[in-house]
Amino acid sequence: MGYTDYLIRILAPLSVYDLTENSYSRAELEAMGKALDECCSEIEILERECTVPTAEDYGLSMYEKLLPRHYAIAVHTRRKAIISMLSVNNSCFTQELLNKTLSGCGEPTTVRETGEASQVMVDFTEVNGRPVNYVQLERWVENMLPCHLETVYNYEVIESQNT
């Protein structure tokens, strides 16, 4: 139901307005209802774009301008990357927090300890071999991880389960 119908429904019981089909009062309500419908549709778009979990277009782009570059393309991975970047906590660096931070690069990524002092292994978990944009991804990862950690990358070829 649009605002025209709503306005007519709430004003009809007053019996003050002539709400017949070609009346001045009805035309005025139809004009106001149309304007309210347009405002409502614009507000719905603004509301959607204001929060990361529902944003689809310029809302995501505006967040991305504020945050370090990531390489996600699909809307759901862009959302996930932004959410992970907004949750970065620079005061502690547990493996769990590092993994959460690295999810902001746009590729499924994990970090794990190698057993060597101050060294971590970064895996792009769903990429077969090196990602196409591995140079940018490595630069991004190194900007996000604590600078005292040596970063080693694992680009193993994922074996197909069909072979």
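Scoring A117 on the criteria (1) open to solvent by 60 Å² or more (accessible area, probe 1.4 Å); (2) in contact with a Pro (Cβ under 9 Å, 6 or more places away or on another chain); (3) free of Cβ contacts under 8 Å to residues at least 60 places away in the same chain leaves a single failure, condition (2).
Entry remark, the stretch 107-156: residues being closer than 22 Å to A74 by Cβ, part of a strand (DSSP E or B) and not β-branched (V, I, T) number 2 in total.
Among the candidates S61, S15, the residue that is of a type in the set (S, T, Y) and at positive phi is uniquely S15. Residues that are more than 17 Å from I10 (Cβ to Cβ), free of Cβ contacts under 8 Å to residues at least 40 places away in the same chain and in contact with a Phe, Trp or Tyr (Cβ under 7 Å, 6 or more places away or on another chain) within the stretch 21-70 comprise E49, V52, listed in sequence order. Here I8 does not fit the description of being part of a helix (DSSP H, G or I), under 27 Å from the mean Cα position of the chain (by Cα), farther than 30 Å from W140 by Cα and of a type outside the set (S, T, Y).
The residues of the stretch 51-65 that are open to solvent by 90 Å² or more (accessible area, probe 1.4 Å), closer than 17 Å to M85 by Cβ and modelled with pLDDT of 90 or more amount to a single one, M62. Checking each residue in the stretch 83-122 for being closer than 23 Å to T51 by Cα and either among the basic types (K, R) or in contact with a His (Cβ under 8 Å, 6 or more places away or on another chain) (or both) picks out M85, K100, G104, C105, G106. The requirement of being open to solvent by less than 60 Å² (accessible area, probe 1.4 Å) and free of Cβ contacts under 8 Å to residues at least 40 places away in the same chain is satisfied by A81.
In the stretch 32-47, the condition of being open to solvent by 80 Å² or more (accessible area, probe 1.4 Å) and either at pLDDT below 90 or among the hydroxyl-bearing types (S, T, Y) (or both) is met by no residue.
The values are calculated or read from the model by the stated rules, or taken from the named source; none is laboratory data. Everything quoted here is computed from the prediction, not taken from an experiment. Neighbour counts run over all protein chains shown; Cβ positions are idealised from the backbone, glycine included. Accessible surface areas use protein heavy atoms only, side chains included; no ligands, DNA or RNA. Shrake-Rupley method; radii C 1.70, N 1.55, O 1.52, S 1.80 Å.
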